Each structure stands twice: as C-alpha cells, then as structure tokens.
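The values are calculated or read from the model by the stated rules, or taken from the named source; none is laboratory data. This one's a predicted model, so the numbers in the text were calculated from it and none came from an experiment. With ideal geometry, Cβ positions are generated from the backbone for all residues, glycine too; neighbour counts draw on all protein chains shown.
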C-alpha cells in the first residue's frame, strides 16, 4: 500500500485517476464522519464529502505537506460543513420571512415533515432520538470554534495537538475551547432538561 506522500505524487505527476480513487477510498469515511458531526442528515454529509474531494482534487498541487494529509482533509471538511450550515441558516431565514408574508394568503395547507426512523431499525426509541436531537441542538448552539474543537475531540478522538493543527491554533487554545464547550454544553443541557 502506498503512503499518502506517494499517493499524492502519483496523482500530481501521473495525473492518475486510480491514485485519486485510492485517496478517496482511504479517507471517504473519515471525511463523511467529520461532516456528519456538524450536519444533521447523512445525505447532506455525503454531499459535503463530495465537495471536499472536488476541492482536494483541484487544490492538491497546493498541499504543502507541512501537516498530515488527514489534518488537511479535516480542515477542508470542517470548513465545508460550516459553510453548508451558514447557507442553510440563510435559506431557512429567507423561507421564514417568505412564509410570514404568505401563510395567511395561501390556500395551501402548511405541513411539517418529521423525520422517521428507518423501518429496519427495530430498536429505535423516540426518547433516545429526542435526547440525541437535544444534544445536537446544544452542540450546534456552541460558538463556532468551541463546536469545531468539541466535534473533533469527542466524535473523532483527535488529540489536542491534532485539533490545534486542524484549527491552526495553539494547544492551550484548544484546551480552553474544550473546557468552555463542556461548560456551555452542561449549562444548555441542564436548561433543556429542567424546562
């Protein structure tokens, strides 16, 4: 099996599609899991993953090899995920404004889609799903840097040093971000539970 450096060299020097496919196969799950740590739907995470690998293909010649390839991929995945969330918020805000002005004047009945569990998942429990959603909302409400550090630490088991590389910051900043993230999450979850 080729090292990451050899794989990159094959892609750049030989313009090898097979080498790029190998890179995608090697890191696709890591990128998808990273994106899923930020977005709620698996389909969205897959779409973002495709965008990540398109950007990787287009900018691989600019990869300076100062960090590991996986660190670079994490950074791109985090940025793409956050951009997706920002676009979704803007889109939802526009739809809310649009609905505000049309709800009373429309003859169509408003419907709300509720995500249902996969039928094959017999162990699915509504209460557990609500708890997951409450945790996801709490994580999404964290300040952006806290959320990034928390997701990379808890969902991807990255070390503080690796998180610092991905976020282009210091170890002490990562420690501080994670400490504040845990405090804020605890506070938000306690408020939710006591409602």
Filter the stretch 133-143 down to residues that are part of a helix (DSSP H, G or I) and under 24 Å from residue 83 (Cβ atoms), then give me how many there are. 7
Matching entry among 89, 108 (being modelled with pLDDT under 85, outside any helix (DSSP H, G or I) and outside the structural domain of residue 148 (by TED's automatic domain parsing)): 108
Count of the stretch 144-167 residues which are touching a helix residue (DSSP H, G or I) at 6+ places or on another chain (Cβ under 8 Å) and outside any helix (DSSP H, G or I): 3
Which pairs do you get when a residue that is more than 20 Å from residue 164 (Cα to Cα), found in the stretch 177-189, comes within reach of a residue that is in a helix (DSSP H, G or I) and at pLDDT 90 or above, reach meaning Cβ atoms under 8 angstrom, with the pair 6+ apart or on two chains? 184/146; 185/150
Residue 21 vs. criteria surrounded by fewer than 19 Cβ atoms within 10 Å (Cβ to Cβ), at pLDDT 90 or above, in contact with a helix residue (DSSP H, G or I) (Cβ under 8 Å, 6 or more places away or on another chain) and not assigned by TED's automatic domain parsing to the domain that holds residue 135: no
